[in-house]
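Trainee: Below: one structure in C-alpha cells.
Values quoted throughout were computed directly from the atomic coordinates according to the rules given, and no laboratory measurement underlies them. Computed from a predicted model, the values in this text were never measured in an experiment. We place every Cβ from the backbone using ideal geometry, glycine too, and count neighbours over all the protein chains shown.
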Amino acid sequence: MRVQVAIIGAGPSGLLLGQLLHRAGIEAVILERKSGEYVLGRIRAGVLEQGAVDLLDEAGVGARMHAEGLVHGGIHLCFDGERHRIDLAGLTGGKHVTVYGQTEVTRDLMDARAAAGAKTVYEAEDVSVHGFDTDSPVVRYRKDGKVHEITCDFIAGCDGFHGVTRESLPAGAVRNYERVYPFGWLGVLADVPPVSDELIYVNHPRGFALCSMRSMKRSRYYVQVPLDEKIESWPDDRFWTELKSRLDKQAAAAIVTGPSIEKSIAPLRSFVGEPMRFGRLLLAGDAAHIVPPTGAKGLNLAASDVRYLSRALIDHYRAGSMKEIDAYSGKCLRRVWKAVRFSWWMTSMMHRFPDTGEFGQKIQETELAYLVGSKAASTSLAENYVGLPFED
C-alpha cells in the first residue's frame, strides 16, 4: 500500500489528524494495535479549551459536542473550608472551556472516519517503522496472520508514551525531561448529578480533591492518594466519606452519592521529550509529552500538536515546502512547555506533598488567597486554563 501519511495510533490525536488530512484531500491510513471497542472504553479527561473546540469544528465533528457539551465560564478553588470562583470568561474576554468526554470525542471522530470511507486498521500487530531518516519511510504490520507494508511520505506517531514510534527512535536522539509526583488520583465515575455546575478544585490538609462531570447526569470525582494505594482498599462508601471530608460544608451536604461504574488510580507525572520531529517521523500527543491532569491540558496539548502538524502537512502538499515541517517541533514545544509549567504550578499549589507540613500548607493557602484576591493573578490562571494563543 502507498499513502501520503501513515498515522500510528487511533486515539483522539491520530483520528483528529486523519480527519483534518482527509478533508484537505491528503491520503492517510491509521494503524491501531487495539480494537476499536478497547479504544472507546478508555476513560479519560473531558475539559476542552476553546482552541480544541474550534479544531473539532474545523474537522467537521463538532455538532454533537455543541449539542451535548457543557460550556463553563468559570472554575472554583476551595481552600480553608471556603470556595472561591475564578471567572474565566470575565477575565479572558469571553473565552470558556467545554466539558465533553474524550470518549465522546473519539466516538465522533471514528464515526466521521467510517462515514468518509477512510481506512483504519484496528488490531494491527507487530507494527514497526523504518527509514524515517530517508525520503521513503516504510511501516510494516501483521494482520490476520499476514505481513503488510505501507510506503509513505511521512509517519505521524500518535501512539502514546509506550507506543512503537517513540520506542523506535535511535539512542541519544531524544532529550527527556521528567518529574514523577509522589501521589496519584483515585477517580470514581458515577451516574449521579454533579455537586456543582462548574469544576471544584480543592486544597485540603488531607489532600487534593476534584469535583468534575461528564454530563448533568454523570459525575467524575477524584481524591489524592499515595502511590501505593490499592483499588481494593477503596470501596464506594470509603471513597464518598473521604471526598466529603475534603469539601466545603455546602458541597459536602449537597453531594449525591451512588455506586461507581468505573474506579481507577492514576499516577501523575510531567514528561517532555525533545525534539518532536525525526526526519519524516513526527510525534504528537502523549508520544512526546505528558502532563498531570490538574491543569486539564493533556487532550488539549494533543489537539494543539495536531493543529500544527496538520497545517504543516497541508502546506507541504499544497506549496511543496518543508518550511512548516521544519518548524513543527519548535512551535509545539514552546506551547507544550507553557502548559507543562501551568500544570506543574496547579499541581504544586493544590496537592499535599510528603514534605508539605503545616508551614507548607499555610504557604499554599496564602498563595491561593492571593490568587483569588488579585485580578492580575486570577487573570493569569484564567488565560492559561482556557488556553494560550497559537503561534500563527
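Trainee: At q = 0.31 Å⁻¹, what log₁₀ I(q)/I(0) does the range 144-196 have when each alpha carbon counts as one equal point scatterer in the Debye sum?
Mentor: Results for the range 144-196 at q = 0.31 Å⁻¹ read -1.25.
Trainee: Using all Cα-Cα distances in the range 62-170, what percent lands in each 10 angstrom bin from 0 up to the longest?
Mentor: Result returned by the calculation: 11, 24, 24, 19, 15, 6, 0.
Trainee: Beyond 15 Å, what share of the Cα-Cα pairs of the range 49-109 remains, rounded to the nearest whole percent? Walk me through the numbers before you get to the answer.
Mentor: Working: 1026 of 1830 pairs.
When all Cα pairs of the range 49-109 are counted, 56 percent exceed 15 Å.
Trainee: Once fully extended, how much extra length lies between Asp197 and Asp355, figured as 0.36 nm per residue of separation less the alpha-carbon to alpha-carbon distance?
Mentor: Separation in residues times 0.36 nm, less the Cα-Cα distance, equals 53.5 nm.
Trainee: Within a 10 angstrom radius of the beta carbon, how do Cys332, Cys211 rank from fewest other beta carbons to most?
Mentor: Cys211, Cys332
Trainee: Hull surface divided by four, with the convex hull built on the Cα atoms of the chain: how many nm²?
Mentor: Its average projected convex-hull area is 19.6 nm².
Trainee: For the range 205-218, just list the computed ³J(HN,Hα) in residue order, Karplus coefficients 6.51, -1.76 and 1.60, θ = phi - 60°, integers in Hz, with x standing in for Gly and Pro.
Mentor: x, 7, x, 5, 8, 9, 10, 10, 7, 10, 7, 7, 10, 10
Trainee: By counting other Cβ atoms within 10 Å of each Cβ, how are His351, His148 ranked from fewest to most?
Mentor: Least crowded to most crowded, the residues run His148, His351.
Trainee: Same structure, new question: Of all the Cα-Cα pairs you can form in the range 266-392, what percent are over 25 Å apart?
Mentor: 37 percent
Trainee: I've got another one for you. Could you tell me what fraction of 2.2 N^0.38 Å the Cα radius of gyration of the range 1-110 comes to, as a two-decimal ratio?
Mentor: Scaled against compact globular proteins, the figure is 1.31.
Trainee: So if R0 is 51 Å, what FRET efficiency would Thr366 and Ala67 give, r being the distance between their Cβ atoms, rounded to the nearest 0.05?
Mentor: The pair Thr366/Ala67 has a calculated efficiency of 0.75.
Trainee: For the pair Glu123/Ser264, report the inter-label distance in nm, with labels modelled 7 Å from Cα in the Cβ direction.
Mentor: It works out to 2.2 nm between the two label points.
Trainee: Where both partners of a DSSP beta bridge lie in the chain, what percent of those bridges are antiparallel, to the nearest 5?
Mentor: 75 percent
Trainee: Tell me the mean residue ellipticity at 222 nm calculated for the chain from its helices only (DSSP H runs of n ≥ 4, each -39500 (n - 2.57), averaged over every residue, nearest 500).
Mentor: On the way: 13 runs with 151 residues, N = 392.
Rounded to the nearest 500, the figure is -12000 deg cm²/dmol.
Trainee: If you don't mind, another one. Kindly put Tyr317, Tyr221 in sequence by how many other C-beta atoms sit within 10 Å of each C-beta, fewest to most.
Mentor: Tyr317, Tyr221
Trainee: Now, a different point. Straight-line reach only, C-alpha to C-alpha below 13 angstrom: list the aspartates and glutamates that Lys249 could link to, leaving out same-chain residues fewer than 8 apart.
Mentor: Candidates past the 8-residue exclusion: Asp80, Glu82.
Trainee: What is the ratio of the Cα radius of gyration of the range 209-248 to 2.2 N^0.38 Å, where N is its residue count, to two decimals?
Mentor: With N residues counted in the range 209-248, Rg over 2.2 N^0.38 Å equals 1.24.
Trainee: Can you work out the FRET efficiency for the pair Ser136 and Asp228, with r the C-beta to C-beta distance and R0 = 41 Å, to the nearest 0.05?
Mentor: Efficiency computed from Cβ-Cβ geometry: 0.25.
Trainee: How much length is gained on full extension from Tyr38 to Asp315, taking 0.36 nm per residue of separation minus their Cα-Cα distance?
Mentor: On the way: separation 277, 0.36 × 277 = 99.72 nm, distance 3.39 nm.
Net length gain for the segment: 96.3 nm.
Trainee: Can you work out the Karplus-derived ³J(HN,Hα) for every residue in the range 75-91? Use 6.51 cos²θ - 1.76 cosθ + 1.60 with θ = phi - 60°, whole Hz, and x for glycine or proline.
Mentor: 9, 10, 10, 10, 7, 6, x, 10, 9, 10, 9, 9, 7, 4, 5, x, 8
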